[in-house]
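Here the structure is laid out as structure tokens; the discussion comes afterwards.
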Amino acid sequence: MSWQVGLFAAETHLHVDTVRTWRGRFAHGELPALADRKHSGRPARFTPAQVAEAKALACQLPAETGVPLSLWSCPELTAELTAPH
């Protein structure tokens, strides 16, 4: 298959460098090479389930959980999430 990087980039609204990067990865390893690579940086400290739980709690009013506040503060939200239940 022959195609021009610039034309493909314009049709897909991607930057030419992005198209070149992914085309090169595909050329060296075909479809498996297009899988996400490991990202640098600190590993996640919380599981996706823990993140979802924290977001759900933050979206509730504290009074709904029995906490006598009108709005969550970061320390109060942390205390509620880490308290044994």
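The values are calculated or read from the model by the stated rules, or taken from the named source; none is laboratory data. All values derive from a computational prediction rather than experimental measurement. Positions of Cβ are generated from backbone atoms using ideal geometry, with glycine treated the same way; all protein chains shown enter the neighbour counts. Heavy atoms of the whole protein, side chains included, go into the accessibility calculation; ligands, DNA and RNA do not. Shrake-Rupley method; radii C 1.70, N 1.55, O 1.52, S 1.80 Å.
How many residues are open to solvent by 60 Å² or more (accessible area, probe 1.4 Å) and in a loop (DSSP other than H, G, I, E, B) when one looks only at region 70-80?
2
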>> Between a residue in region 15-40 that is over 14 Å from VAL5 (Cα atoms) and free of Cβ contacts under 8 Å to residues at least 24 places away in the same chain and any residue that is surrounded by 11 or more Cβ atoms within 10 Å (Cβ to Cβ) and among the basic types (Lys, Arg), which pairs come within a Cβ distance under 7 Å, given they are 6 or more apart or on different chains?
In response: ALA33/ARG25; LEU34/ARG25
>> I'm checking my understanding of the structure. Among residues of region 18-67 that are within 17 Å of HIS85 (Cα to Cα) and at pLDDT below 90, which one is least open to solvent (accessible area, probe 1.4 Å)?
In response: VAL67
> Can we say GLY6 is small (Gly, Ala, Ser), out of contact with any strand residue (DSSP E or B) (no Cβ under 7 Å at 6 or more places or on another chain) and part of a helix (DSSP H, G or I)?
Replying inline: yes
>> Being touching a helix residue (DSSP H, G or I) at 6+ places or on another chain (Cβ under 6 Å) and either of a type in the set (Val, Ile, Thr) or open to solvent by less than 60 Å² (accessible area, probe 1.4 Å) (or both) is the requirement here; does ALA83 meet it?
In response: no
